[in-house]
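Undergrad: Okay, handing you the structure first.
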């Protein structure tokens, strides 16, 4: 199963002097259980793209399918399937903590499941599972006001509120924006633990190329409303001229690795800090 985006184009304010085409004939497949990174400069179409994945935006042309369900099907039967399909795709916007509103953490996370009409015992179980998934101990945080938490903790509460809906696909728009380095890393590690433990597909927008390199299976590089490149991150990042045209730089580890190759310290590129430490460590041992 997968999310399939097929020849999607989207125009803001069509037919007006302010008309702007944000997506231009975009196609992509996001398999279940995968980790997909979306990158590109500001205004390249990233956020518009991800808002099509659960039907928040409707294509001007083209189609979007979630596990085979056409999100554009407006027939009576199609509308029932659409509701189920959209529930499979959880969306977390930038600064989601700004959407917190309940008086306790548990109540805020429970809001989504309660809107589905679930029983209280099922709601409680979902709240506990969601809090565990983002690393918030239920006994410690459930009754706390969310607005008294740290920025990173508030971000995790907001994500837990989406996870309580138990989506198969989790879409995050700049999930670490505005967080300090420690909170950034904790959130990323929680995100990947969720992926490994529950096999949830992760789709995340990021300006951090190093995060994309170490976390993603696939990278979609946007430029001017089109996908300029897609594939394994290390393959996309090797296209240095294209990255420059897109206003991006390769990950720092790849830049360093390239310099060390030119200087003769490495015989081939490495793509992680561990690989680099291992290779340089062997060279030091061999030189003794």
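The values are calculated or read from the model by the stated rules, or taken from the named source; none is laboratory data. On a predicted model such as this, the values are computed, not experimentally measured, just so you know. Note that we place each Cβ from the backbone using ideal geometry, even for glycine, and neighbour counts take in every protein chain shown.
Undergrad: Go through (1) surrounded by 12 or more Cβ atoms within 10 Å (Cβ to Cβ); (2) under 20 Å from the mean Cα position of the chain (by Cα) for residue 276 and report which single condition fails.
TA: Single failed check for residue 276: (2).
Undergrad: Kindly indicate the residue of the range 161-183 that is farther than 14 Å from residue 130 by Cα, in contact (Cβ under 8 Å) with a residue 12 or more places away in the chain and in a helix (DSSP H, G or I) and also nearest to the chain's Cα centre (by Cα) among those meeting that condition.
TA: That would be 183.
Undergrad: Please verify whether residue 135 is in the same structural domain as residue 193 (by TED's automatic domain parsing), surrounded by 15 or more Cβ atoms within 10 Å (Cβ to Cβ) and modelled with pLDDT under 95, treating the condition exactly as stated.
TA: yes
Undergrad: Same structure, new question: Taking the options 219, 191, name whichever one is modelled with pLDDT under 90 and in contact with a strand residue (DSSP E or B) (Cβ under 8 Å, 6 or more places away or on another chain).
TA: 191
Undergrad: While we're here: Can you name every residue in the range 38-57 that is out of contact with any strand residue (DSSP E or B) (no Cβ under 7 Å at 6 or more places or on another chain), more than 14 Å from residue 229 (Cβ to Cβ) and touching a residue at least 40 places away in the same chain (Cβ under 8 Å)?
TA: The one that is out of contact with any strand residue (DSSP E or B) (no Cβ under 7 Å at 6 or more places or on another chain), more than 14 Å from residue 229 (Cβ to Cβ) and touching a residue at least 40 places away in the same chain (Cβ under 8 Å): 51.
Undergrad: Right, residue 236: in contact with a helix residue (DSSP H, G or I) (Cβ under 7 Å, 6 or more places away or on another chain) and either part of a helix (DSSP H, G or I) or on the phi < 0 side of the Ramachandran plot (or both) or not?
TA: Criteria not met by residue 236.
Undergrad: Consider the range 94-115. How many of its residues are at pLDDT below 85 and assigned to a loop (DSSP other than H, G, I, E, B)?
TA: Matching residues across the range 94-115 total 2.
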